[in-house]
Every structure is written in C-alpha cells, then in structure tokens.
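Engineer: Can you keep this structure in mind? I'll have questions shortly.
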Amino acid sequence: MFNFLRCSKKKQAKQQKPPSIENNDFTIQVSSDVECFNDTAGNWQPPIPKIEQKTLDDLDLLLSLYEKQKWPDWEVEDASLIRTVNHDANNSGCPYCGASLEIKAVRARQCPKCRNQMFVRRGYFLTTDQVQKYKELAETLAENKTAYEQLKNSLRSAQDAKLNNYNNGWGLCQFYWDLAMAFENSAVFYDQQDEKGFSFWDKSWGYYNKTALAEGNLRHNFKLGVSRTPQLVYCEAQHFEKRAKHSARQLQKNKMLEAALYTYARFFAEAVHFNDFYLGKPTIIKRCKELIVELKVSNDQLNEIFKKASPCNSKFTVEDSEKLNSIKCEIEHYQLL
C-alpha cells in the first residue's frame with residue numbers, strides 16, 4: 001500500500017485578504033500571490049501562498065480515510081465475481097439443469113440436455129441472467145479500481161505540493177485540482193458530509209474545481225503561465241457523468257447529465273479559444289450526441305446551450321465563435337454508428 005509522508009504544518013506568510021468569487025454553494029477563496037519577485041540569481045520565484053486551515057484539514061481527512069481503508073486485492077476480487085453470481089459454477093456443468101457435461105467452458109453453446117443457451121466467462125458456464133449480473137459487477141469493480149488509483153495519485157500529488165510549498169509552476173491551481181479529484185474519487189467509497197451538509201461530491205466540484213479554475217485564470221491573467229481551463233472544465237463534465245451514474249433517482253440523474261452536456265459545450269468554448277484540444281474532438285462530439293439522444297434535446301435547446309458556453313477567462317473573438325459554431329453543427333448532424 002502506498003504510504004503518504006506526513007509533514008509538519010509550516011507557518012504561512014501573512015497576506016492581504018484574497019478576493020472572493022461567489023457561486024451557488026460556496027465562497028471561493030482566490031490566492032492573491034500575483035506579485036512577482038526575484039531570487040538572488042535574478043530568477044522569478046512565486047511567493048508561498050496562504051492556505052486556509054480548512055483546506056489543510058480536508059487534505060488530512062482524505063489522507064486519514066485512505067490510510068485506514070483496507071483496500072482489496074483487485075485481482076482476487078475479480079476472480080471471485082463468478083462465484084458471486086453462481087456459487088456452484090464450474091467449467092463442465094450446465095448452469096440451468098446442473099447436468100455434468102463432457103464439454104468444457106470454452107465458448108458459448110447450448111446445453112445438450114436442457115437445450116438452454118450457456119455463456120462463458122472466465123472459463124465457467126453461466127446463464128443469460130448471470131452473465132448480465134457478472135457484467136454489472138465487473139463494471140463496478142473496474143470503476144472502484146480506477147477510483148482507487150486516481151485517489152492514490154491525486155493525494156500523492158497534493159502531498160508533494162504541500163511539501164514543496166505549492167511551488168510546482170502552477171501554484172494553488174494544481175493543488176486545488178488534486179483535492180477536487182481526491183474528493184471525487186473518495187466519494188465513490190464514502191458517503192460522507194461535513195458540518196454544513198456538503199458531501200464529498202459537492203466539495204469536489206462545487207468548491208475545489210471552481211477554485212482551481214479561478215486560480216488558473218488568475219495566473220493566466222498575470223502571464224504566469226498558459227491556462228489549464230480546458231482540462232479542468234473537461235474533468236468537471238466527467239464528474240457530472242460519474243455523479244449521474246451514482247444517482248439513485250432518475251430526476252437527479254437527468255439533472256447531472258444536463259450539467260455534463262452544458263459543461264462539454266463549455267469545454268469546446270475553452271478549447272477553441274486556447275486552441276487546446278488535448279483530447280480527441282470526435283470522441284467528445286460522439287458523447288455529446290449520445291447525451292442529446294438520451295435527454296431528448298432539440299436543436300433549438302442545443303443552440304441555447306452553446307450560446308451560454310463562453311470562456312470564463314476571456315472574450316470570444318469572431319474566429320472563436322465561428323469555430324465553436326462549426327463544432328455545434330457537427331454535433332447536430334453527427335450520426336451514431
């Protein structure tokens with residue numbers, strides 16, 4: 001298991017009260033460390049930013065939850081899925097009638113005794129219903145394994161940033177993004193709320209990702225680096241999709257999918273403005289089309305969505321508008337395979 005280093009809390013430099021950006025759920029605190037200064041060699045060095053204590057407490061909470069969790073052996077878990085859906089499964093027995101067969105579970109075929117169709121997974125015969133159940137369990141296990149790896153990586157990155165006084169070229173932008181990802185992936189395993197009733201899902205993208213966006217825009221405005229806004233917005237859209245998958249109520253699921261579609265439109269707006277398509281455009285266009293079909297979104301509604309999708313950091317140029325409109329037309333006329 002990955003062991004996180006514990007570091008002592010360093011005394012933070014006093015700064016003026018940072019500006020705030022209001023949103024529906026939280027007040028986003030933006031660092032005010034925008035004044036450059038040079039070291040003895042004349043190289044620019046960013047000042048050590050001020051971190052709120054509640055942010056450090058959040059990192060400590062996520063670390064403690066990770067460290068006390070007994071994570072499963074994923075390969076063993078995967079191998080045990082067959083026994084979960086059919087305790088008596090074997091490689092030469094019919095899952096319907098239980099007859100012992102001379103054939104082995106190599107490919108799908110009919111049982112020579114009861115004539116029911118048998119399917120093969122991991123070298124065992126299963127029924128149609130068992131195959132579907134196995135697929136659902138395998139998808140959940142794969143999602144949990146991915147969330148675990150992402151949680152480990154994001155916590156490691158956040159801890160490294162803390163140890164290095166957040167001096168990684170992106171200041172607090174990367175740090176807040178790491179916390180956003182950590183809260184999101186922790187939410188897969190923990191249904192936990194803070195004293196104000198905000199869940200891990202809420203803190204991930206209701207607060208920390210928005211804070212990362214604000215920090216990234218701040219650094220971009222002061223020419224401290226290029227914007228990472230397209231990547232952050234894309235991750236936010238992916239978050240809404242993941243949250244929809246974990247929504248028990250259909251109304252809440254649709255709400256999250258609508259938010260995902262709008263956020264994908266925002267991603268395209270940011271991407272054309274910064275000329276930063278770090279992911280394949282056809283893949284995202286296809287996903288937007290699938291959401292349009294699932295949500296029954298009309299072309300007029302899609303037009304409204306794209307009208308509202310503008311870069312949060314800068315104004316659109318005429319060329320940007322033309323490129324975004326071209327993408328919208330591709331989505332309207334994109335045919336599913």
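The values are calculated or read from the model by the stated rules, or taken from the named source; none is laboratory data. Note that the coordinates shown come from a computational prediction; the quantities given were computed from them, not determined experimentally. Here Cβ is always computed from backbone atoms with ideal geometry, including for glycine, and neighbour counts include all displayed protein chains.
Quick grid of which residues meet (1) out of contact with any strand residue (DSSP E or B) (no Cβ under 9 Å at 6 or more places or on another chain); (2) crowded, with 17+ Cβ neighbours inside 10 Å:
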site: A147; (1), (2): yes, yes
site: N153; (1), (2): yes, no
site: N164; (1), (2): yes, no
site: L172; (1), (2): yes, yes
site: F175; (1), (2): yes, yes
site: A180; (1), (2): yes, yes
site: A187; (1), (2): no, yes
site: F200; (1), (2): no, yes
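Engineer: Name the residue that is nearest to Y208 (Cα to Cα), counting only residues in segment 123-161 that are touching a helix residue (DSSP H, G or I) at 6+ places or on another chain (Cβ under 7 Å) and among the basic types (K, R).
Structural biologist: So the residue we want is K145.
Engineer: Which one is surrounded by the most Cβ atoms within 10 Å (Cβ to Cβ), of the residues in segment 252-304 that are aliphatic (A, V, I, L, M) and outside any helix (DSSP H, G or I)?
Structural biologist: Among those residues, the one meeting the criterion is V297.
Engineer: Any idea which residue in segment 166-205 is farthest from the chain's Cα centre (by Cα), counting only those that are polar (S, T, N, Q) and at pLDDT below 85?
Structural biologist: N167
Engineer: Restricting the first residue to segment 274-300 and requiring it to be under 12 Å from I331 (Cα atoms), which pairs with a second residue that is exposed (fewer than 10 other Cβ atoms within 10 Å of the Cβ) and of a type outside the set (D, E) meet a Cβ separation below 8 Å and a spacing of at least six or different chains?
Structural biologist: Pairs that qualify, where the first residue is under 12 Å from I331 (Cα atoms) and the partner is exposed (fewer than 10 other Cβ atoms within 10 Å of the Cβ) and of a type outside the set (D, E), are K286/L336; K289/L336; E290/L336; V293/L336.
Engineer: Kindly establish whether E236 is surrounded by 16 or more Cβ atoms within 10 Å (Cβ to Cβ) and in a helix (DSSP H, G or I).
Structural biologist: yes
Engineer: Which of the numbered conditions does K210 fail, given that it passes all the others? Conditions: (1) of a type in the set (K, R); (2) assigned to a helix (DSSP H, G or I); (3) surrounded by fewer than 17 Cβ atoms within 10 Å (Cβ to Cβ).
Structural biologist: So K210 meets the others, but not (3).
Engineer: Could you say whether any residue in segment 13-29 is of a type in the set (S, T, Y), closer than 26 Å to E195 by Cα and at pLDDT 50 or above?
Structural biologist: No, that holds for no residue.
Engineer: If you go through segment 99-111 one residue at a time, do you hit one that is among the hydroxyl-bearing types (S, T, Y), surrounded by 13 or more Cβ atoms within 10 Å (Cβ to Cβ) and either free of Cβ contacts under 8 Å to residues at least 24 places away in the same chain or outside the structural domain of K245 (by TED's automatic domain parsing) (or both)?
Structural biologist: no
Engineer: Exactly one condition in (1) among the aromatic types (F, W, Y); (2) part of a helix (DSSP H, G or I); (3) surrounded by fewer than 17 Cβ atoms within 10 Å (Cβ to Cβ) is false for F316; which is it?
Structural biologist: (2)
Engineer: Also: Could you count how many residues in segment 43-59 are among the polar types (S, T, N, Q), surrounded by 12 or more Cβ atoms within 10 Å (Cβ to Cβ) and modelled with pLDDT of 85 or more?
Structural biologist: Number satisfying all stated conditions: 1.
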